[in-house]
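Input: a single structure, listed below in structure tokens.
The values are calculated or read from the model by the stated rules, or taken from the named source; none is laboratory data. Here the structure is a predicted model, which means the values were calculated and not measured. With ideal geometry, Cβ positions are generated from the backbone for all residues, glycine too; neighbour counts draw on all protein chains shown.
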Amino acid sequence: MTTTIWERVETALTPLGLPMSASAYIVASGATIPDTYIVYFVFSINPELHADDKEVLRSEAVQVSIYNRTGNASLPDVIGAMITAGFMFIGGRELDYDTDTRHFGIAFDFEYLEEL
């Protein structure tokens, strides 16, 4: 069975021990959002190489965002966890402070090359 990109991201980030979700972190009505959490989403899936009319290499790009109420200075090593799992770090940026939830955020972009 083939491992999906979502499974690869979950496997890479699980050792960090933080709550995480694909696409959006949604809490039940009346529940509180964790002080620190991760949201990831796939933003690109592209064939990279074809042979004999079949795709043989695919790139998948993922944004991993980590949110924290105490700032971005001492966050878990998201980049290291993803690199260890075979992803390539391709960039990052600070996100706007969320005045409603009081979370700071930073987003990291990664690419995974998969042989099919």
- Could you give every pair whose Cβ atoms fall below 8 Å, whose first residue belongs to segment 75-97 and is more than 15 Å from Y40 (Cβ to Cβ), and whose second residue is part of a loop (DSSP other than H, G, I, E, B), counting only separations of at least 6 or pairs across chains? E94/N72
- Query: With (1) among the aliphatic types (A, V, I, L, M); (2) over 21 Å from T32 (Cβ atoms); (3) at pLDDT 95 or above as the list, and A73 as the residue in question, which single condition is left unmet?
  - Reply: (3)
- Task: Of all residues in segment 33-81, count the ones that are among the β-branched types (V, I, T) and out of contact with any strand residue (DSSP E or B) (no Cβ under 6 Å at 6 or more places or on another chain).
- Result: 2
- Query: For residues in segment 98-116 being buried (at least 16 other Cβ atoms within 10 Å of the Cβ) and among the hydrophobic types (A, V, I, L, M, F, W, C), which is farthest from F41 (Cα to Cα)?
  - Reply: F104
- If we keep just the residues of segment 18-45 that are farther than 16 Å from Q63 by Cα and touching a residue at least 24 places away in the same chain (Cβ under 8 Å), which is nearest to the chain's Cα centre (by Cα)? L18
- Among the numbered conditions (1) of a type in the set (S, T, Y); (2) at pLDDT below 95; (3) over 22 Å from E10 (Cα atoms), tell me where Y97 comes up short. (2)
